[in-house]
Amino acid sequence: MTRYQVSSALADAVLKLAPPHVVLDDAPTTLEDVRAYRKEHGVYAVWSGGSDLTIWPTPEHNYAFRALHDEIHDRYGHSFTIYGEQSTARDTERFLRRRFPHLQDDDFRALWFEVVGQALYEAHHGEFPQDQAAFVGACMSRNNGS
């Protein structure tokens with residue numbers, strides 16, 4: 001089993017771009033709730049769980065990505081459906097490519113599997129992968145033809 005970890009360049013980019021956020025055990029789960037929380041508190045609230053076996057080097061990087069991800073949902077009005085996740089993943093890639101043109105294609109492939117792949121997995125299995133790094137690693141390997 002190959003576990004995937006993002007490049008240090010992507011990890012650094014996400015920390016630099018993440019909007020102000022707090023980590024909560026009970027974070028908003030709909031676009032409307034994300035927007036309401038941000039409007040009331042001035043920050044994004046991200047879920048504290050599921051941050052140990054991720055593609056990110058630390059839980060703090062994972063929280064930062066969740067905040068950036070929610071900010072993209074909020075900015076463009078993308079729902080939390082599979083279609084909204086696809087749109088959010090594409091807009092996140094465009095945003096990151098503009099700000100950090102040195103990021104590699106594998107960085108964006110990994111983000112696609114992180115967002116869209118896991119959303120599809122959850123839709124099929126009723127839960128997200130327990131070991132997200134292994135899930136993304138398997139997707140990256142299959143996608144490379146190996």
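The values are calculated or read from the model by the stated rules, or taken from the named source; none is laboratory data. What you see is a predicted model; the values in this text were computed from it and never measured. Accessible surface is based on the protein model in full, side chains and every heavy atom, while ligands, DNA and RNA are left aside. Shrake-Rupley method; radii C 1.70, N 1.55, O 1.52, S 1.80 Å.
Just a few scattered comments:
- Relative contact order (percent, whole number), the chain, Cα cutoff 8 Å, 6+ residue spacing: 29 percent
- The share of accessible area on the chain that comes from carbon and sulfur is 50 percent, using a 1.4 angstrom probe.
- Along its principal axes, segment 1-81 has C-alpha extents of 39, 23, 22 angstrom, given from the largest down.
- Surface accessible to a 1.4 Å probe, per residue, for the residues of the chain, Å²: 54 Å²
- Diffusion coefficient, µm² s⁻¹, Stokes-Einstein with Kirkwood Rh over alpha-carbon pairs of the chain at 20 °C and 1.002 mPa s: 139 µm²/s
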